[in-house]
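Engineer: Have a look at this one.
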Amino acid sequence: MNSNLRDLYQEVIIDHSRRPRNFGRLEQANHRAEGYNPLCGDKLTIYLKVDNGVICDAGFEGEGCAISTASASLMTETLKGKTEAEAYALFAGFHALVTGEAAPAATALGKLEMLGGVREFPARVKCATLAWHTLSAALHDQSGTVSTEDNL
């Protein structure tokens, strides 16, 4: 990663961690799940309002490192207006991006690509993917807490 891209990556993470978008309980949510990363101590709850298979609104609350918070913030921004199928496709593309795997064809990640630098820090991949695993649990109405140790 060149220094300009690395600087932009760091700026995006700092911005979204200091001023997370969609932070707070979503009172009208009809899906929710809790997630926990025991290695870093990140804990979050994802809230979704889904209507006819479309994510109308998304929010989150909790505490976490800068990468975890930035990932949840960028994820909730990106999900609004997406179908559940599009959300799963984004998850697959994002996971491939941060792990360095081949991305699924035709997955446009937009701002989420700023978190691609995480792949250079393998220990932080779980921080970046916690919100996404919790999203999946919320869409499946799973009970209990999702742990990054169960998913990676």
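Read-outs: derived from the displayed coordinates by stated rules, not from any lab. These numbers come from a predicted model, not from an experiment. With ideal geometry, Cβ positions are generated from the backbone for all residues, glycine too; neighbour counts draw on all protein chains shown.
Engineer: Quick query: amide H of Leu39 versus all other amide H atoms, modeled in the peptide plane; which residues come in under 5 Å with a sequence gap of 5 or more or a different chain?
Structural biologist: Counting only residues 5 or more places away or on other chains, the set is empty.
Engineer: Please work out how much length the chain gains when fully extended from Leu39 to Glu77, using 0.36 nm per residue of separation minus the C-alpha to C-alpha distance, in nm with one decimal.
Structural biologist: 11.1 nm
Engineer: Give a residue-ordered list of calculated ³J(HN,Hα) values for the range 62-73 (Karplus: 6.51 cos²θ - 1.76 cosθ + 1.60, θ = phi - 60°; whole Hz; x for Gly, Pro).
Structural biologist: Going residue by residue, I get x, 10, x, 5, 4, 5, 4, 5, 4, 4, 5, 5 Hz, with x marking Gly and Pro.
Engineer: Translational diffusion coefficient of the chain at 10 °C, 1.306 mPa s, Stokes-Einstein with Kirkwood Rh over Cα pairs, in µm²/s as a whole number.
Structural biologist: It diffuses with D of about 105 µm²/s by this estimate.
Engineer: Further question: What distance in nm separates the two pseudo spin-label positions at Asn4 and Ala102, each 7 Å out from Cα along the beta-carbon direction?
Structural biologist: Going by the 7 Å Cα→Cβ label model, 3.1 nm.
Engineer: Can I ask one more? Would you grab the residues whose amide H sits under 5 Å from the one on Ala33? Only those 5+ places off in sequence or on another chain, please, with H modelled 1.01 Å from N.
Structural biologist: Result for Ala33 returns Ile46.
Engineer: With contacts defined as alpha carbon pairs under 8 Å and 6 or more residues apart, what's the relative contact order of the chain in percent?
Structural biologist: Relative contact order, the chain: 29 percent.
Engineer: So which GluC sites (Glu not before Pro) in the range 63-148 end up in coil per DSSP with only 16 or fewer other C-beta atoms within 10 Å?
Structural biologist: Glu101
Engineer: Could you pull out the GluC sites (Glu not before Pro) across the range 15-62 that fall in loop regions by DSSP (anything but H, G, I, E, B) with no more than 14 other Cβ atoms inside 10 Å?
Structural biologist: Glu27
Engineer: Let me ask you something else. Specify the residue with the greatest mean-square fluctuation among Asp15, Asp42, Asp51, computed from a Gaussian network of the chain linking alpha-carbon atoms under 10 Å apart.
Structural biologist: Asp51
Engineer: Fully extended, how many nm does the chain gain between Ala92 and Arg19 (0.36 nm per residue separation, minus their Cα-Cα distance)?
Structural biologist: Contour length minus the Cα-Cα distance gives 23.7 nm.
Engineer: Taking every eigenvalue of the Cα gyration tensor of the range 41-89, multiplying by 5 and rooting it, what semi-axes result, largest first, whole Å?
Structural biologist: They are 22, 10, 8 Å, listed from largest to smallest.
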